[in-house]
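Attaching a single structure in C-alpha cells format; questions to follow.
The values are calculated or read from the model by the stated rules, or taken from the named source; none is laboratory data. Here the structure is a predicted model, which means the values were calculated and not measured. For neighbour counting, all protein chains shown are included, and Cβ atoms are generated from backbone atoms with ideal geometry for every residue, glycine included. Ligands, DNA and RNA are excluded from the accessible area calculation, which covers all protein heavy atoms including side chains. Shrake-Rupley method; radii C 1.70, N 1.55, O 1.52, S 1.80 Å.
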2 protein chains.
Amino acid sequence: MDETLIPTYEGPVCPVPLHHEDQIVIGHGSGGRMTHELIQRIFLPRLSNEAILAGNDFGQVDLPEDSHLAGRLVVSTDSHIVKPLFFPGGDIGRLSVCGTVNDVSMSGAVPLYLTAGFILEEGLPMDMLKKTVESMQAAAAEAGVQVVAGDTKVVEKGKGDGLFINTAGIGWLPEGRQIDGAQARAGDVVLVSGTLGDHGIAVLGARGELGFETDVQSDVAPLNHMIQELLKAAPHTHVLRDPTRGGLATTLNEIATQSSVCIWLEENNLPVHPAVRAASEMLGFDPLYIANEGKLIVIVPAAEASQALACLRQNVYGRNAARIGEVRSDPKGRVLLRTQIGGTRILDMLAGEMLPRIC
Amino acid sequence: MDETLIPTYEGPVCPVPLHHEDQIVIGHGSGGRMTHELIQRIFLPRLSNEAILAGNDFGQVDLPEDSHLAGRLVVSTDSHIVKPLFFPGGDIGRLSVCGTVNDVSMSGAVPLYLTAGFILEEGLPMDMLKKTVESMQAAAAEAGVQVVAGDTKVVEKGKGDGLFINTAGIGWLPEGRQIDGAQARAGDVVLVSGTLGDHGIAVLGARGELGFETDVQSDVAPLNHMIQELLKAAPHTHVLRDPTRGGLATTLNEIATQSSVCIWLEENNLPVHPAVRAASEMLGFDPLYIANEGKLIVIVPAAEASQALACLRQNVYGRNAARIGEVRSDPKGRVLLRTQIGGTRILDMLAGEMLPRIC
C-alpha cells in the first residue's frame with residue numbers, strides 16, 4: 001500500500017472496564033471485541049462443533065441420512081429463569097438443555113440440534129457463566145444433541161436476574177409416529193416414570209424458603225434415550241408429556257382437554273418421595289402441582305402397558321415408574337383422583353399463581 | 001360414576017390477582033389456568049397456525065416439498081432486549097421476527113419457521129404485549145414465516161426490563177449454495193443495501209438521549225425476499241451479512257478475519273442519512289459502528305456486481321444501495337477506509353462498550 005496509515009482508531013468507545021475478566025460488564029454485549037473475547041473464552045471451548053466454529057450468525061446442519069425420504073421436523077422452545085442458578089441435582093445450564101430436549105422428545109422425535117440465547121445481567125460472575133456452560137456441554141453430550149447457534153446479550157444491573165437462558169430445539173420425527181396430547185383413548189393406561197415434585201422442592205430448599213433442611217435432589221434429566229427405548233417396547237404409545245410447570249395435575253388436565261377424555265388417577269399409586277411428601281405437608285403444597293424436570297407421563301394402550309412399564313423401570317431415569325391411572329370416556333376434559341380413603345376429588349388445572357414461583 | 005364428587009379443589013393457590021386482565025402478573029407464568037388464558041387471549045389469535053393450535057410443547061412442521069432430495073437446515077437465534085419497546089419505524093416485536101429471519105437468510109437459505117420465547121416482567125401492560133404480538137404477526141406475514149412454537153415466562157418486577165423476546169429460526173438451504181463470512185475473495189466488490197446507522201439513532205432518539213429531536217426511522221425489515229431476488233441476479237454471491245450490533249465496521253472486521261482478506265472502503269461512497277450524520281457528529285458517534293436492523297452487506301465477484309446493485313435498488317429495502325469498496329489480499333484481517341481527504345484509516349472492531357447501549 002502506498003497510502004499513509006493513520007494510527008489505529010478504535011471507534012467511539014469507553015475504555016475497557018476493570019473486572020471484565022471475572023464478571024460480566026455491559027461491553028460484553030457490544031457485539032464488538034469484548035463480545036468476541038467472551039465467546040472465544042467461555043462458549044467456544046465448551047460448545048464447539050463445526051456449525052458454531054464457522055463463526056456466522058447461523059449454523060448449517062444436516063438431517064440424519066435416513067431422513068430424506070419421509071418425516072417431519074419437530075421444533076420447541078423454552079426460556080429458563082430459575083433461582084438460584086445452581087441447586088441440588090442440577091443448575092440452569094442442565095435445565096436449559098434438558099427442558100428443550102424433553103419437549104422435542106415428547107412428540108416421539110429424535111432431538112438433534114439446539115440453539116442457546118443468553119441474557120446476562122451486568123455483574124454476573126464469570127465463573128458462574130463458565131460452570132453453567134460446562135453443565136450445558138455435559139447435558140448436551142448425554143442427550144446426544146449439538147448446540148449449533150448462540151446469542152449473548154447483556155442488560156444493566158437491575159434489569160435482569162443474573163442469567164436467563166432460552167433454548168430452542170429441532171428434532172426429526174420419522175414418518176408414521178403420531179404421539180401428542182390429543183391421542184389419549186378410553187381404555188388406555190397412564191404411567192409416570194418416577195416420583196413427583198422433586199424439582200420444585202429441591203429449588204425451594206436451595207433458596208432456603210422451606211424453613212428446614214431437605215435432601216431432595218432435582219430430577220432434571222434428558223429423557224430422549226429412555227423415550228426411544230420405550231417406543232420400541234410400546235410402539236403404539238399414544239401420549240408422552242413431561243409434567244413441568246403446573247405439575248402432574250395441570251399437565252393431565254391439558255391432555256384430558258386435548259383428547260376430550262377423562263383421566264382417572266389412583267392416589268395410592270402416585271409415587272412421591274417421602275421427603276417431598278413431608279415438605280409438602282408442612283407447607284401446604286400439593287406435590288401434584290409441583291414442577292418436575294425429568295419425569296415422563298406415558299399414556300399407552302392397555303395391551304402394551306406392562307412392557308412399557310418394564311422398559312421404563314430398566315432405565316436410570318425410570319426406576320420408580322408406576323402405573324397411576326387410566327383413561328375413561330367421561331366426564332370429558334376432567335382429571336379425577338380416587339383418594340386413599342376411597343373418595344373422589346376433581347383435580348383441576350393450577351389456578352392463579354403458585355407461591356413461591358419456581359420457574 | 002358411582003363415586004361421590006367432592007367439590008372442585010383448585011390446588012394450592014393464591015386468589016387470582018386483581019389487574020390480571022390489563023397487566024402481567026406472576027400468575028401468568030404459573031403454567032396453569034392463567035398462562036393458558038394469556039395464550040388463548042393474546043398469542044393464539046395473532047400467531048395461529050396448525051402447529052401452534054395443536055397445543056403441545058412442540059410444533060410439528062414439514063420441509064418444503066422439493067427439499068427432500070438434498071440440502072441442509074440453517075438455524076439461528078437472537079434475544080431482543082431493546083429499550084424503548086416501541087420506537088420510530090418499529091418495535092421489539094418486528095425486531096424479534098426480522099432479526100432472526102435475516103440471520104437465517106444470510107446463508108442464502110429460505111427462512112421457514114420461528115420459535116418465540118417471551119420473558120415478561122410483572123406489571124407489563126397487557127396492551128403493550130398485544131401490540132408487540134400484532135407486530136410480530138405482521139412481520140412474520142411479510143417475511144412468509146410461521147411462528148410454530150412459543151414459551152412464556154414471567155419474572156418479578158425489578159428482575160426484568162418489561163419484555164425480552166428470544167426467537168430462533170429454521171430455514172432450508174438448497175444444495176450447492178455456499179454463502180458465508182469465509183467466502184470473500186480478493187477482487188470481490190462490497191455493496192451495502194442502504195444508509196448506515198438509522199436503527200441505532202432512531203432508538204436513541206426515542207429514548208430522548210440525543211438531547212434534540214430527529215426524524216430518523218429505524219430500518220428494521222425482513223430482508224429474505226430481497227436476498228432471494230439478489231441470488232437470482234448474482235448467483236455467485238460470496239458473502240451476505242447484516243451489520244447489526246457493532247455496525248458496518250465490526251461486521252466487516254469479522255468477515256475480513258473469517259476470509260483472511262483485506263476489505264477496502266471508500267468513505268465517499270458510504271451512504272449515511274443526513275440526519276444520522278448530523279446526530280453522530282454532535283454526539284461523537286461514528287455511524288460505521290451504529291447498529292442497523294434492515295441492511296445487508298453483499299460481497300460479490302466483480303463480474304456480478306452491477307447486476308447485484310441494480311437488483312438491490314429495485315427492492316423497497318435496497319433503494320439506497322451503494323458500491324462501497326472492494327476486497328484485496330493484504331493486509332489480511334484488516335478493514336481500511338480511504339477517507340474523503342485521501343488518507344487511510346484502519347477501521348477496527350468495536351472495542352469495549354459503545355455508550356449508550358442500543359441492543
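Looking at B:D215, B:D219 in this structure, which one is open to solvent by 40 Å² or more (accessible area, probe 1.4 Å), in contact with a helix residue (DSSP H, G or I) (Cβ under 7 Å, 6 or more places away or on another chain) and in the same structural domain as B:C262 (by TED's automatic domain parsing)?
Result: B:D215 is the single residue among B:D215, B:D219 that is open to solvent by 40 Å² or more (accessible area, probe 1.4 Å), in contact with a helix residue (DSSP H, G or I) (Cβ under 7 Å, 6 or more places away or on another chain) and in the same structural domain as B:C262 (by TED's automatic domain parsing).
Taking the condition assigned to a loop (DSSP other than H, G, I, E, B) and modelled with pLDDT of 95 or more, does A:S107 pass?
yes
Among the residues of the stretch A:129-159 satisfying the criterion of being acidic (D, E) and closer than 23 Å to B:V154 by Cα, which is most open to solvent (accessible area, probe 1.4 Å)?
From the stretch A:129-159, those acidic (D, E) are A:134, A:142, A:151, A:156; that's our starting set.
Next, only the ones that are closer than 23 Å to B:V154 by Cα stay: A:151, A:156.
Numbers: A:D151: 17, A:E156: 66 Å².
Ranking the candidates gives A:E156 first.
Checking the structure you have, find out if any residue of the stretch A:26-38 is at pLDDT 95 or above and among the basic types (K, R).
Within the stretch A:26-38 (the criterion being at pLDDT 95 or above and among the basic types (K, R)), the answer is no, since none of the residues qualifies.
Within the stretch A:257-350, considering only strands (runs of 3 or more DSSP E) that don't extend past its boundaries, which have at least 3 residues that are at pLDDT 95 or above?
The strands (runs of 3 or more DSSP E) meeting that bar are A:262-266, A:297-300, A:322-328, A:335-338.
Shifting gears a bit: Return a yes/no flag: does the stretch B:61-72 have any residue that is of a type in the set (D, E) and touching a residue at least 12 places away in the same chain (Cβ under 8 Å).
no
Among the candidates A:I170, A:I165, A:I201, which residue alone is in the same structural domain as A:R334 (by TED's automatic domain parsing) and out of contact with any Pro (no Cβ under 7 Å at 6 or more places or on another chain)?
Details: A:I170 fails: in the same structural domain as A:R334 (by TED's automatic domain parsing); A:I165 fails: in the same structural domain as A:R334 (by TED's automatic domain parsing).
On inspection, the qualifying residue turns out to be A:I201.
Okay, next question. For A:R33, only one of the following conditions fails: (1) out of contact with any helix residue (DSSP H, G or I) (no Cβ under 6 Å at 6 or more places or on another chain); (2) touching a residue at least 12 places away in the same chain (Cβ under 8 Å); (3) more than 23 Å from A:D180 (Cβ to Cβ). What is its number?
(2)
Just name the residue that is farthest from the other protein chains (Cβ to nearest Cβ) out of those in the stretch A:161-204 that are open to solvent by less than 10 Å² (accessible area, probe 1.4 Å) and in a helix (DSSP H, G or I).
Result: A:A202.
Same structure, new question: In the stretch B:61-79, which residue that is in a strand (DSSP E or B) and surrounded by fewer than 24 Cβ atoms within 10 Å (Cβ to Cβ) is modelled with the lowest pLDDT?
For the stretch B:61-79, the residue satisfying everything is B:G71.
Let me ask something else. For B:L252, are the conditions met, namely being at pLDDT 95 or above and either part of a loop (DSSP other than H, G, I, E, B) or out of contact with any Lys or Arg (no Cβ under 9 Å at 6 or more places or on another chain) (or both)?
In short, no.
Given the conditions (1) open to solvent by 30 Å² or more (accessible area, probe 1.4 Å); (2) farther than 25 Å from A:D78 by Cβ, and given that A:A275 satisfies all but one, which numbered condition is not satisfied?
Exception for A:A275: condition (1).
Scan (1) surrounded by 22 or more Cβ atoms within 10 Å (Cβ to Cβ); (2) touching a residue at least 24 places away in the same chain (Cβ under 8 Å) for the single condition A:N56 breaks and write down its number.
For A:N56, the failing item is (2).
Among the residues in the stretch B:238-249, are any open to solvent by less than 20 Å² (accessible area, probe 1.4 Å), over 30 Å from B:Y113 (Cβ atoms) and either touching a Leu at 6+ places or on another chain (Cβ under 6 Å) or part of a helix (DSSP H, G or I) (or both)? So that I can check it myself, show each step before the final result.
At the first step, the residues of the stretch B:238-249 found to be open to solvent by less than 20 Å² (accessible area, probe 1.4 Å) are B:239-243, B:246-249.
Then keep just the ones that are over 30 Å from B:Y113 (Cβ atoms); that gives B:249.
Narrowing further to those that are either touching a Leu at 6+ places or on another chain (Cβ under 6 Å) or part of a helix (DSSP H, G or I) (or both): B:249.
Within the stretch B:238-249, one or more residues are open to solvent by less than 20 Å² (accessible area, probe 1.4 Å), over 30 Å from B:Y113 (Cβ atoms) and either touching a Leu at 6+ places or on another chain (Cβ under 6 Å) or part of a helix (DSSP H, G or I) (or both).
Still on this model: Looking at the stretch A:80-102 only, could you name the residues that are open to solvent by less than 10 Å² (accessible area, probe 1.4 Å) and assigned to a helix (DSSP H, G or I)?
Within the stretch A:80-102, A:I92, A:G93, A:L95, A:S96, A:V97, A:C98, A:G99, A:T100, A:V101, A:N102 meet the criteria.
Could you list, in sequence order, the residues of the stretch B:253-295 that are under 19 Å from B:G99 (Cβ atoms) and more than 10 Å from chain A (Cβ to nearest Cβ)?
Answer for the stretch B:253-295, where residues must be under 19 Å from B:G99 (Cβ atoms) and more than 10 Å from chain A (Cβ to nearest Cβ): B:N292, B:E293, B:G294, B:K295.
Within the stretch B:48-97, how many residues turn out to be of a type in the set (F, W, Y) and either within 23 Å of the chain's Cα centre (by Cα) or more than 10 Å from chain A (Cβ to nearest Cβ) (or both)?
Result for the stretch B:48-97: 2.
To continue, here is another question. Which of the residues spanning the stretch A:40-51 are crowded, with 17+ Cβ neighbours inside 10 Å and out of contact with any helix residue (DSSP H, G or I) (no Cβ under 8 Å at 6 or more places or on another chain)?
Scanning the stretch A:40-51 gives a single hit, A:A51.
I need every pair where a residue in the stretch B:114-142 that is assigned by TED's automatic domain parsing to the domain that holds B:K153 has its Cβ under 9 Å from the Cβ of a residue that is of a type in the set (K, R) and open to solvent by less than 30 Å² (accessible area, probe 1.4 Å), sequence separation at least 6 or different chains.
Here the result reads B:G117/B:K153; B:F118/B:K153; B:I119/B:K153; B:L120/B:K153, each pair linking the stretch B:114-142 to a residue that is of a type in the set (K, R) and open to solvent by less than 30 Å² (accessible area, probe 1.4 Å).
Only one of B:N315, B:N292, B:N320 is surrounded by 20 or more Cβ atoms within 10 Å (Cβ to Cβ) and under 30 Å from B:A139 (Cα atoms); which?
Sole residue among the options that is surrounded by 20 or more Cβ atoms within 10 Å (Cβ to Cβ) and under 30 Å from B:A139 (Cα atoms): B:N292.
List, please: which pairs have Cβ atoms under 9 Å, are six or more places apart or on different chains, and start with a residue in the stretch A:287-313 that is without any contact (Cβ under 8 Å) to a residue 12 or more places away in the chain and end with one that is open to solvent by 10 Å² or more (accessible area, probe 1.4 Å) and among the basic types (K, R)?
Once the first residue is without any contact (Cβ under 8 Å) to a residue 12 or more places away in the chain and sits in the stretch A:287-313, its partners that are open to solvent by 10 Å² or more (accessible area, probe 1.4 Å) and among the basic types (K, R) give A:S306/A:R323; A:R313/A:R319.
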